[in-house]
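A short worksheet on the structure shown next.
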Amino acid sequence: MKFSKTNASVFVIILFHIVGLVGFLVPFLRPLFLQIVPFHLLLMLFLLLINHHGRFSKLLLFAAIIMLSGFAAEWVGVHKHWLFGNYVYGKTLGFKLKDIPLMIGVNWFLLIYSVGVFTKKVPVKEAWLKIIIGAVLLVLLDLLIEPVAIRFGYWHWLSGAVPIKNYIGWVIVSLPLLAVFQLFNFRFQNKVAPVLLLVQFLFFAVLNFV
C-alpha cells in the first residue's frame, strides 16, 4: 500500500478503535481507557481536519456552527428535556460546561461531517434525500451507541430506559445540521470521513454483542 496522509490516517483510526475495544472489554484496563475517551475524540477530529480538501477557513466555520449547535441542543436536552428525554451526563466525556461535556460538540461535528461526506457518495441527486438518508444513518448509529454509553458512563437516562423521544430528537437535530452540510457544498471530499463512520458502526456493534 502506498504511504500517504490518507492511508496513515485510516490506519490510525482502525488501530485506535481496535485498541479501544480491548481497553473497554478488559476490566483492569477499562478505567484508563474511559479516562482517555476525550483525547480519542480530539484525535479523530484532528485526522478529519487534516484530510479535508478545500478552503480550511470554510471548514472551520462549518465546524464551529455544528459544534455550537450540537452543544446548544444538548443543553436544551439536559436542562429543558424538550429534546431526547430526561438524561444526565457522566464523567466519561470529560470537562463539562453547564452540565454538558465540551466534547459533545466535537462528537456532533464528527458525526455530521462523516455522515455528510458519506451521503455525498450516495447515488441520488436530490439534496433533501441525502439529508434524510444521513439522519436515518445517525439514528441507526445511536441505536448502537446508547447501550454502550449507558454501560460506560457517557450518560444515563433518569427513566432507566432509552425513550423513543431520544431517537425523534436525533432526527430533529440532525436534519438541519445535515442541511447545513449540504449548503456548505464542500466540493472535494474527505476520504477518511466515511472510514471513521464505518469504524464507529463496527466499534459500537462489537461492544453491544461481544
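Quick notes
- Some residue of region 99-122 being open to solvent by less than 20 Å² (accessible area, probe 1.4 Å) and touching a Lys or Arg at 6+ places or on another chain (Cβ under 6 Å): yes
- Screening region 1-83 for helices (runs of 4 or more DSSP H) wholly inside it with 1 or more residues that are touching a strand residue (DSSP E or B) at 6+ places or on another chain (Cβ under 8 Å) returns the ranges 37-50, 56-79.
- When residues in region 48-106 are screened for being among the acidic types (Asp, Glu) and closer than 30 Å to residue 10 by Cα, 1 of them pass.
- Just one of the listed residues (50, 13, 65) is of a type in the set (A, V, I, L, M, F, W, C) and either open to solvent by less than 30 Å² (accessible area, probe 1.4 Å) or within 21 Å of residue 154 (Cβ to Cβ) (or both), and it is 13.
- Test: residue in region 194-202 that is among the hydrophobic types (A, V, I, L, M, F, W, C), touching a His at 6+ places or on another chain (Cβ under 8 Å) and either open to solvent by less than 30 Å² (accessible area, probe 1.4 Å) or in a helix (DSSP H, G or I) (or both): yes
- Of all residue pairs spaced 6 or more apart or on separate chains, those with beta-carbon atoms under 9 Å, a first member in region 88-103 that is at positive phi and a second member that is surrounded by 14 or more Cβ atoms within 10 Å (Cβ to Cβ) and in a loop (DSSP other than H, G, I, E, B) are 94/102.
The values are calculated or read from the model by the stated rules, or taken from the named source; none is laboratory data. In this text the structure is predicted, and so the values were computed from the model without any measurement. Backbone-built Cβ (ideal geometry, glycine too); neighbour counts: all protein chains shown. Calculation scope for accessible area: heavy atoms of the full protein, side chains included, ligands and nucleic acids excluded. Shrake-Rupley method; radii C 1.70, N 1.55, O 1.52, S 1.80 Å.
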